[in-house]
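Contents: one structure, followed by commentary.
Bear in mind these aren't lab numbers, they're just calculated from the coordinates by the rules spelled out. What you see is a predicted model, and the numbers here were worked out from it, not measured in a lab. With ideal geometry, Cβ positions are generated from the backbone for all residues, glycine too; neighbour counts draw on all protein chains shown.
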Amino acid sequence: MPVLIVKRSKRYKEAAKKAVAQTLPVEKAIEVLKSFPVTKFDQSVELIFSLGIDAKQADQMIRGSLSLPHGVGKTKRVVAFCPEHLVATATSAGAIRAGGAELVAAIEKENFTDFDVAVATPDMMRFVGRLGKVLGPKGLMPSPKAGTVTADVGAAVREYAAGKVEFRNDAGGNVHSVVGKMSFDSSKLADNIHAMMNQIRKMKPQTAKGAYIRKVVLKGSMTPAVYLEAGI
């Protein structure tokens with residue numbers, strides 16, 4: 001079997017020299033992250049949790065959403081499945097497109113999926129359910145657990161358009177979430193990181209055994225990993 005050789009850039013290699021092997025408090029980890037060589041673009045900053053859950057068990061799934069204290073530095077394109085009398089509310093809140101059966105038809109017939117988040121009122125899910133095969137694989141299907149199925153469609157659109165983050169565990173029990181941009185002040189990044197870590201802690205399944213948060217990694221789009229103290 002051929003060996004895959006990953007070539008690293010000179011900038012990455014320089015950054016790797018600064019990476020610290022031991023776990024660090026959040027504030028110190030941010031200091032290390034910001035000491036890495038800069039790039040020509042504003043990197044996203046991401047938290048990666050390795051959790052002690054059985055991802056095959058439905059009652060151990062970690063899935064949710066969170067409005068971070070300082071956002072994530074990026075707006076999102078949101079569509080809203082809602083009845084006619086709420087269309088104006090959704091669009092004024094920031095939805096790029098809103099409607100009921102006609103929006104469902106547009107996705108079915110035009111393959112319209114040029115958006116980041118879909119929210120829906122509960123009464124619309126009987127129509128939206130037909131889109132499972134289209135939206136499901138793209139992670140765009142509205143879900144009560146993610147907070148994207150709600151009667152308050154205006155508030156949901158505003159939150160997601162402003163950068164509210166959705167997260168869910170993968171098959172390996174890992175959760176990835178963007179928590180800001182490299183250009184954020186260190187204090188704002190720290191606030192966002194603490195908020196996400198607290199949210200993940202609160203979601204520990206009762207049936208999970210052993211250590212819950214096994215490892216937490218902080219990294220930029222093009223930086224080495226910095227390991228955080230899990231705090232539990």
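About the Cα centre of the chain, what is the dipole size in debye to 20, counting +1 per Lys and Arg Cβ and -1 per Asp and Glu Cβ, all else neutral?
Numbers: 34 positive and 21 negative charges, 209 e Å.
Dipole size: approximately 1000 debye.
Starting from the Kirkwood Rh over alpha-carbon pairs, what translational D in µm² s⁻¹ does the range 163-223 have by Stokes-Einstein at 25 °C and 0.890 mPa s?
186 µm²/s
What is the sum of charges, Lys and Arg at +1 and Asp and Glu at -1, for the other residues whose Cβ falls under 10 Å from the Cβ of residue 77? Before the final figure, lay out the partial values.
Numbers: positive: 76, 97; negative: 114, 116.
For residues surrounding residue 77, the net value is 0.
Looking at this model, which pairs from 133/202; 138/215; 133/188; 74/202; 76/209; 145/209 are more than 30 angstrom apart at the alpha-carbon? Write out the running numbers ahead of the final one.
Working: 133/202 32 Å; 138/215 27 Å; 133/188 38 Å; 74/202 26 Å; 76/209 36 Å; 145/209 23 Å.
From the list (133/202; 138/215; 133/188; 74/202; 76/209; 145/209), the Cα-Cα distance tops 30 Å for 133/202; 133/188; 76/209.
Quick one: the Cα spread of the range 127-232 along its three principal axes, in angstroms, biggest first?
Taking max minus min along each principal axis of the Cα atoms, the range 127-232 gives 45, 37, 26 Å.
For the chain, what is the calculated [θ] at 222 nm in deg cm²/dmol (nearest 500), taking -39500 (n - 2.57) for each run of four or more DSSP H residues and dividing by its residue count? Let's see the in-between values first.
Numbers: 8 runs with 69 residues, N = 232.
That comes out to -8000 deg cm²/dmol.
Only residues of the range 169-187 count here: report those whose backbone N is under 20 Å from the spot 7 Å along Cα→Cβ of residue 75, or say none.
179-184
At a Förster distance of 35 Å, what's the computed FRET efficiency of residue 101 paired with residue 155, Cβ-Cβ distance as r, to 0.05? Walk me through the numbers before you get to the answer.
On the way: r = 23 Å, r/R0 = 0.67.
Step by step, r from the Cβ atoms, then E = 0.90.
For residue 148, what charge total do you get from the other residues with a beta carbon under 14 Å from its beta carbon, if Lys and Arg give +1 and Asp and Glu give -1?
Result for the local shell: +4.
Could you tell me the center-to-center distance, by alpha carbons, between the range 124-174 and the range 190-207 in angstrom?
So the separation of the two Cα centres works out to 20 Å.
Using 0.36 nm times the number of residues separating residue 55 and residue 41, minus their current alpha carbon distance, what extension gain do you get?
On the way: separation 14, 0.36 × 14 = 5.04 nm, distance 3.47 nm.
Extra length available between residue 55 and residue 41 comes to 1.6 nm.
Dipole size in debye (nearest 20) for the range 23-124 around its Cα centre, Lys and Arg Cβ +1, Asp and Glu Cβ -1? Numbers along the way, then the final one.
Numbers: 10 positive and 13 negative charges, 74 e Å.
With only Lys, Arg, Asp and Glu charged at Cβ, the dipole is about 360 debye.
Mind putting a number on the dipole of the range 161-226 about its Cα centre? Charges go on the C-beta only, +1 for Lys and Arg and -1 for Asp and Glu, and I need it in Debye to the nearest 20.
Values: 11 positive and 4 negative charges, 53 e Å.
For this selection, approximately 260 debye.
Based on the alpha-carbon gyration tensor of the range 45-93 and its eigenvalue square roots a ≥ b ≥ c, which shape applies: rounded if a/c is under 1.5, prolate if not and a/b is larger than b/c, or oblate?
Numbers: a/c = 4.11, a/b = 1.70, b/c = 2.42.
It is oblate, given that a/c is not under 1.5 and a/b is not larger than b/c.
Going toward the positive end of the dipole of the chain, with +1 on Lys and Arg Cβ and -1 on Asp and Glu Cβ, which of 177, 222, 190 do you reach last?
After comparing all options, I get 222.
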